Amino acid sequence: MASVKEKIGYALGDAAAGGITWKIMSIAFPVFFTNVFGLSFADTALLMLIARLFDVVTDPLMGSLADRTQSRWGTYRPWLIFGAIPFGLIFALLLFTPDLGPTGKRIYAYSLYLLMMAVYTMVNVPYGSLLGVMTEDDNEKNQFSAYRMVGAYAVGSIMLFSFPYIQKAIGGTEQHQYAVIGAVFGFLAAAMTLACGLMTKERLKPKRAEKFEFKQFANLVKNKPWLYLTSMGICTNFFNGFRYAVAAYMLTYCLDGQNQGDVTLMGVIINYTIFMFFGEIVCMIFGGVSPWFTKKIGSKRMAFVWASVICLVTSVLFFFIPMDRSYMWLMIVVVMLTSVGVGLYSPLLWSMYADVSDYATEKNGTSSTGLIFSSGTMAQKFGGAISGSLIAALLGMAGLVSETNEVTGETIVTITDLDSVKTMIWMLFSIFPAVIAIIMGFLAYKFPLKK
């Protein structure tokens, strides 16, 4: 039986990855790259698309490498222990804006973003895989997953709430504010990742395939539960990615932020904090409730279906709220209701990856825990970044244009069709996620493992 201390230690891993680094990358990177760093919308969209193609290769390779690691610290923990410092350092550098021309900044952004994706993979794939070797008790796996989600959402909530006020306290230009914030949160992410590696235990020894063989990848593609679950993982991250990445644009352009006196990125993020903070709190609460909810429903599969239905209904409901600031609190209430569904399905996803890993070991005779959990990380990055890429591309098509003045280096954002931009943003926050919720609910209903 694992102690509460160890469960908290495990939660720190996703508090760092999901609560700090990925949260900032999801909510701030599209608008940071276009409005502060100075990339065009087309460059931002292409950057995130290239990064996803990069992850298709690096994530499964990292999973396979982690499965074959043997050390005094175990199979997966050494990647957390020794990857913590590079993880925090590269994240900090990614939020730094160098004094370079448009071409130099483009090279810097592409290089650092790809490096960040690589080190995120190096840490997060082994972190997820830990769940498969800490316990063989199914209920305890659900508890570890619940602690993980509570940790991610709790730290994410604190980060959301404190982010704009730290910005304000730092002062100076937005580029300077982001550079300092990158250093602060990068340090915290590194410390939490290291603590996770040191506080957890690997109780089960995986049945290793000592030699690297491409057969394991072929087995993965033949694994029907894995195919369903990976598709579900991509959908959940599309769902979250659209909502998180587009919220700042929505507050600026749909809710007349340009007429409220404060159109700086800091002003948008302060409003964003108010708008999304309560949703994060609800996610944290219902992440903790998820094991109880699953027991009541009777299976992880059907619990996931009902969580998807909640996300579908509330997303459609949001679309019919008038596009007016006077309805802000109604919007916040609907966001909170949507977060009930998100909070319920988030722990289930990772617990179901552990079930798929057990199924694969039983079927193939050797463990592929790291390889299977790598698909969860790949789905997270694929869904989050492709949604960000689509947002940048669709907003550009709708009439939102970002350019860098080659003389002054200043970022200039112009709108060619405000009504088109507003409609696109509103749909990206409501209708697009609703469609995704239908798909992920159907996939969950058809999921082959009935645990």
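The values are calculated or read from the model by the stated rules, or taken from the named source; none is laboratory data. Note that the structure is predicted; figures quoted are calculated from it, not measured. Glycine also receives a Cβ, built like all others from the backbone with ideal geometry; neighbour counts cover every protein chain displayed. The accessibility values were calculated without ligands, DNA or RNA, using every heavy atom of the protein model including side chains. Shrake-Rupley method; radii C 1.70, N 1.55, O 1.52, S 1.80 Å.
What list of ³J(HN,Hα) couplings, whole Hz, do you get for region 314-327 from phi and the Karplus terms 6.51, -1.76, 1.60, once you set θ to phi - 60° and write x for glycine and proline?
6, 5, 5, 4, 4, 4, 8, 6, x, 7, 8, 4, 5, 9
Using modelled amide H (1.01 Å from N, peptide plane; none on Pro or chain starts), what sits under 5 Å from the amide H of residue 95, excluding residues fewer than 5 places away?
For residue 95, no residues qualify.
Using a 10 Å cut-off on Cβ atoms, rank the peptides 39-51, 156-168 from the highest mean neighbour count down.
Highest-to-lowest ranking by the protection proxy: 39-51, 156-168.
Using the heavy atoms of the protein chains and a 1.4 angstrom probe, tell me the accessible area per residue for region 1-141 in square angstrom.
33 Å²
Taking the Cα centre as origin and putting +1 on Lys and Arg beta-carbons and -1 on Asp and Glu beta-carbons, what dipole magnitude results for region 1-107, to the nearest 20 debye?
Dipole size: approximately 240 debye.
Just to check I understand the Karplus step: with θ = phi - 60° and J = 6.51 cos²θ - 1.76 cosθ + 1.60, what whole-Hz values come out for region 291-300, glycine and proline as x?
x, 5, 4, 5, 4, 5, 6, x, 7, 5
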